[in-house]
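What follows is a set of notes on a single structure, which appears directly below.
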Amino acid sequence: HVEYEELRPLLNRVDQQNRQIAQQVEELRQAETVRREFSANVSHELKTPLMSISGYAELMKNEMVRPQDVPEFAGRIYDEASRLTSLVQDIIEISKLDEKSGEMPFETVDLYEVVQDICQNLMLPSKRKQVTIFTEGKSAEIYGVRHILYEMLYNLVDNAIKYNKEGGYVKVLLAKEKEHVIFTVEDNGIGIAKEEQERIFERFYRVDKSHSRQTGGTGLGLAIVKHGAMLHHAEILLSSEPGKGTKIQVQF
Ligand code: ADP
């Protein structure tokens, strides 16, 4: 004859296991939904520039474009093709992060070298937008996947330039704090409303579709940042105020 009191620890354990299983099922279900929505969005996102390209090309083929307008149409085709290239690159990157994160080449990476590289490569776009980049920091090594780290931090600095105002600034800071390396990017650009702050890390989510399109955005940049952070067990902190600016930190 077993008393209920004696069974209680066992029942508690079963209860806890059930909750864990339910949570895992829920996570899998959510991951599946994200994947399904992603495939649907991918086809839509790829179709848009492709339709423009074939539309413009068809007009040119049928000689429906005046000779003096040909350079403009060719330019539009070129722009849409560039967009398509960025999209395909980002889609490949995020799919790799989804499926092959176990096979990524981890090594010791000096994040300061990565940051310098990025700022160098973004110098021209920032000048075009009349945004000044300030960099501060020194050598800070972490164990990670170099090209993913580059991609993550590049997307963050690139956004800080893209969603800035003319004459704005972007501050990029790399600091060591105890056992953490903290990357900070701060801008005094357009900012992000509170209700959008969670959503911007979703795949293909953009606050302002047309603005993002004009700036050449794919809507996948921050999703890559989020996945890259998970791969490196890093935490992302965001604070932003519309009209004032945005600060994003990645704590490695
Ligand atoms: P995109 O390719 O559109 O830039 P991201 O995934 O990088 O896609 O960013 C998603 C959205 O988050 C952007 O479309 C933009 O609306 C918003 N966003 C990202 N970074 C910033 C920033 N620094 N300031 C203001 N808005 C931002």
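The values are calculated or read from the model by the stated rules, or taken from the named source; none is laboratory data. Quick caveat: nothing in here was measured; it's all calculated off a predicted structure. Here the Cβ is made from the backbone with ideal geometry for all residues, glycine too, and neighbour counts use every protein chain on show. Surface accessibility is based on the protein's heavy atoms, side chains included, excluding ligands, DNA and RNA. Shrake-Rupley method; radii C 1.70, N 1.55, O 1.52, S 1.80 Å.
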With every protein chain left in place and a probe of 1.4 Å, what is the accessible surface of residue 85, to the nearest 10 Å²? 70
Sorted peptide list for 228-237, 65-74, criterion being average Cβ within 10 angstrom, highest first: 228-237, 65-74
Mean-square fluctuation check for the chain, GNM, Cα pairs under 10 Å: which of 51, 64, 104 is largest? 64
Before anything else, pin down the relative contact order of the range 119-252: Cα pairs under 8 Å, at least 6 apart, normalised by residue count, whole percent. 26
Given a 1.4 Å probe and the protein chains all in place, what does the accessible area of residue 154 round to, in Å² to the nearest 10? 60
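Below 8 Å between Cα atoms, with a sequence gap of 6+, how large is the relative contact order for the chain in percent? Provide the component values of the computation, followed by the final result.
Numbers: 328 pairs, mean separation 40.3, N = 252.
That works out to 16 percent.
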Mean 1/r over all different Cα pairs, inverted: what Kirkwood radius does the chain give, in Å? 20.9
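Of 127/226; 162/194; 96/209; 138/165, which pairs sit farther than 22 Å apart, going by alpha carbon to alpha carbon? Each step should come with its number before you reach the end.
Working: 127/226 28 Å; 162/194 19 Å; 96/209 25 Å; 138/165 28 Å.
Over 22 Å Cα-Cα: 127/226; 96/209; 138/165.
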Using alpha-carbon positions, what is the distance between the centroids of the range 164-234 and the range 1-49, in Å? 28
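Quick one: pull the percent of accessible area on the range 116-213 belonging to carbon and sulfur, 1.4 Å probe, ligands and nucleic acids left out.
Numbers: 2700 of 5490 Å².
Answer for the range 116-213: carbon and sulfur cover 49 percent of the accessible area.
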Spatial separation of Cα centroids for the range 50-75 and the range 122-158, in angstrom: 37
What residue among 61, 194, 209 has the largest mean-square fluctuation in a Gaussian network model of the chain, using Cα springs under 10 Å? 61
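Work out the length of the dipole vector of the chain about its Cα centre, built from +1 on the beta-carbon of each Lys and Arg and -1 on the beta-carbon of each Asp and Glu, and round it to the nearest 20 debye.
Values: 32 positive and 40 negative charges, 158 e Å.
The dipole magnitude comes to about 760 debye.
Measuring with a 1.4 Å probe in the full set of protein chains, what accessible area per residue, in whole Å², belongs to the chain?
Numbers: 15740 Å² over 252 residues.
About 62 Å² of surface per residue is accessible.
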Quick one: order 80, 202 from most to least accessible surface, probe 1.4 Å. 202, 80
Where 13, 146 fall by accessible area, highest first, once all protein chains stay in place (1.4 Å): 13, 146
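Using a 1.4 angstrom probe on the protein heavy atoms only, line up 201, 106, 183 by accessible area, largest first. Working shown, then result.
Numbers: 201 30, 106 70, 183 0 Å².
Largest to smallest exposure gives the sequence 106, 201, 183.
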